[in-house]
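Inspection log for the structure reproduced underneath, given as structure tokens.
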Amino acid sequence: MYKFLSLTLISLLAVFGQYVIAGGRFERTISRPFGSVLKVHNGLPWGSWGQKEMCPTGMYATGFSLKVAGMWESLLVGDNTALNGIRLYCINPSKSSSSPYEDYATVQSDVGSWGKWSDIKWCSSGFLTSFQLRMETFQGTRDDTAANNIRFYCSGNAEMLKGSGMSWGEWGDWSEKCGGKGICGIETKVEQPQGDGDDTALNDVRMYCCD
């Protein structure tokens, strides 16, 4: 019985743990109203779009971390997938604080099966307002990795934050800039594991902006 309870607790933490913060629990949402959707034009077609996830009402993304399959893991698996996931860290601007923030909520859409989460990168002020993807184009018979890295601009002082992703491919064009306060949600396109086929994991991203 104790083993069953422990496994149940672990399962619950795996599902909900990413939304727990130092001061309590924020309620995540998929239905928060948004003003615009930010897209880039260098995404790849493999995989399917996951469910969008939005910061809790009144909160905006001011930091992010990446799930990346590094070189050593790729060598062990025998397949490079590079960028597998993106996690946004949302804060309430009405609560004064300084970076790094102690109270935050996290949101993410679909995530690939490989890699480890990086440290959080925070805007020194303001919120995330636009993004740019580093993508490797179709490689033919060679190993495809699709998305490799991401960069964001912050609203406070036009600061640019670069993720700790991989270096294959090229940077595409920047998305449009949020017309409201900042980015408040995310949706990712991820290819599921292909078995003996070539895995690519994350292929495209959409960001949502709120007033």
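The values are calculated or read from the model by the stated rules, or taken from the named source; none is laboratory data. Quick caveat: nothing in here was measured; it's all calculated off a predicted structure. Quick reminder, even Gly has a Cβ in these numbers, built from the backbone with ideal geometry, and neighbours come from all protein chains shown. The area values use the complete protein model at the heavy-atom level, side chains included, leaving out ligands, DNA and RNA. Shrake-Rupley method; radii C 1.70, N 1.55, O 1.52, S 1.80 Å.
How many of the residues making up segment 121-155 are in contact with a strand residue (DSSP E or B) (Cβ under 9 Å, 6 or more places away or on another chain) and surrounded by fewer than 16 Cβ atoms within 10 Å (Cβ to Cβ)?
Of the residues in that region, 3 qualify.
Pull up segment 73-95, narrow it to residues that are hydroxyl-bearing (Ser, Thr, Tyr) and at pLDDT below 95, then point me to the one that is most open to solvent (accessible area, probe 1.4 Å).
Here the residue is Ser94.
With Ser11, Ser36, Ser6 as the choices, which residue is surrounded by 10 or more Cβ atoms within 10 Å (Cβ to Cβ), of a type in the set (Ser, Thr, Tyr) and modelled with pLDDT of 95 or more?
Criteria check complete, one pass: Ser36.
Please go through (1) touching a residue at least 40 places away in the same chain (Cβ under 8 Å); (2) part of a strand (DSSP E or B); (3) not basic (Lys, Arg) for Ser109 and return the number of the only condition it doesn't satisfy.
(2)
Go through the residues of segment 197-208 one by one and say whether even a single one is at pLDDT 95 or above and β-branched (Val, Ile, Thr).
There is at least one residue in segment 197-208 that is at pLDDT 95 or above and β-branched (Val, Ile, Thr).
Within segment 180-194, can one find any residue that is among the aliphatic types (A, V, I, L, M) and open to solvent by 20 Å² or more (accessible area, probe 1.4 Å)?
no
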